[in-house]
Amino acid sequence: MLTRPLFITVFIALLMTTFLIAAPAQDRTLAATPPMGWNSWNHFAGRVNDADVRAAADALVSSGMRDAGYIYVNIDDTWEGQRDANGVIQTNEKFPDMKALADYVHSKGMKLGIYSGPGPKTCAQYAASYGHEEQDAETYAKWGIDYLKYDLCSFRQIMREQAPHDREKQMQLMHEAYEKMHQALLKTGRPIVYSLCQYGWDDVWKWGPTVGGNLWRTTDDINDTWERMSAIGFGQMGLARYAGPGHWNDPDMLEVGNGGMTEDEYKTHMSLWAILAAPLLAGNDLSQMSPETLAILTNKEVIAVDQDRLGKQGDRASAVGQTEIWTKPLSDGALAAGLFNRDDEEHSMTLNLRDVGFPEEAKLRDLWKHEAVSASHGSYTVKVPSHGVVLLKISR
């Protein structure tokens, strides 16, 4: 086997060290834990306006969600107007003054997010950033934007036109498009979380960090149904090694409180996203939350699993029929364990502590009931409702 000469190894190490020192600080510190906040699309879609965003910011504060960690107020598609004579993007009549809106959100102790894409048009056919990447990044920075969701959409047509029948070249073009905006964001000098939205194409989790992504969508869009949410969430197996501080797998926004699922199903949604160390971006009408919805979204013990500073994504530990156990290592040596029942009927599930690396005397806490529970002879058996979950923290 050929070995690399020592001087080359040392040179490469020094080169990498120099690069890391020279890299902008926000590359290493942004999104140290999965971003938390609210996004307008799931509830408001194309109807969102300035008043809706201000009301969402107010509700995040009054409900206690801001203090629970939800600090990003993100405007999705349809804010965009036309470009002026110099090519600078303008807002439309729904958003008369984006800088003033950013100032308002900042005054509440939160951050403002915005939306665009690498193609000529957004998904809703508004102006996107193709050919104007540096201009748009500079505009966002001047407005005070803190988060950019960058959606592939119309760039797919450019990929097909520039590289017909050549998938490898198409993927290269996509990588380059996301890197172009990454460099434009860095050039502004403003820390802006960079969210890649291209639906998991070309195993984005493998290259997302190289184009500056702080998070990247791993799937197509979620919707407010058990079938879609569970297919997405339970389909995240094997991706844990690609996530960590500053770069997260994103299985899409939360649907909690939008009315299409039961309370047990929403608890499963929240628990699974927490174990996946997923971004927690609420997508409901915050002004119309039920007490049950608020309790799910602000469960501090569940949020602590998602936001654990170790930054480890969880994965599936076992599956028997329609029941699955998923685990996530935590920074204090503890383990989060979700006992999920995907079946249409209640099931009794058993967690054997030794199977997850813990002794018989380990301590267990039910994070939805907020109470200690006890194992018997090294195992814990509990009834899990249909489409429901029991989320435990196991400590030595």
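Quick notes on this structure:
- Local electrostatic count, residue 353, Cβ distance below 11 Å [Lys/Arg +1, Asp/Glu -1]: 0
- Alpha-carbon centroid distance for the pair region 122-176 / region 76-94, whole angstrom: 16
- Value of Rg/Rh across the chain [Cα atoms, Kirkwood radius]: 1.00
- Kirkwood radius, region 174-253, all distinct C-alpha pairs, inverse of mean reciprocal distance: 13.3 Å.
- Residues of region 130-150 with an amide N closer than 15 Å to a point placed 7 Å from the Cα of residue 86 along the Cα-to-Cβ direction: 134-143.
- Length gained on full extension, residue 160 to residue 363: 67.5 nm, using 0.36 nm per residue less the C-alpha separation.
- Taking amide H atoms as placed 1.01 Å from N in the peptide plane, the amide H of residue 129 lies under 5 Å from those of 117, 119, each 5 or more residues away in sequence or on another chain.
- Put simply, the Cα atoms of region 315-395 extend 34, 24, 22 Å along their principal axes, the longest span coming first.
- Put a plus charge on the Cβ of each Lys and Arg, a minus charge on the Cβ of each Asp and Glu, and nothing anywhere else: the dipole of region 315-395 about its Cα centre is then about 220 debye.
- Of all stretches in the chain that contain no GluC sites (Glu not before Pro) in a DSSP loop with at most 16 other Cβ atoms within 10 Å, the longest one is 94-344.
- Other-chain or far-sequence residues with amide H under 5 Å of residue 315's (modelled H): 327
- Part-to-part distance (alpha-carbon centres) for region 260-321 and region 325-378, which is given in Å: 16
- Rg over Rh, two decimals, region 313-357 (C-alpha only, Kirkwood Rh): 1.00
- Take the Cβ atoms of residue 301 and residue 344, set R0 to 22 Å, and the FRET efficiency comes out at 0.20.
Read the figures in this text as sums done on the coordinates, not as results from a lab. Model, not experiment: these values are computed from the prediction. When we count neighbours, we look across all protein chains shown, and the Cβ atoms used for this are built from the backbone with ideal geometry, even at glycine.
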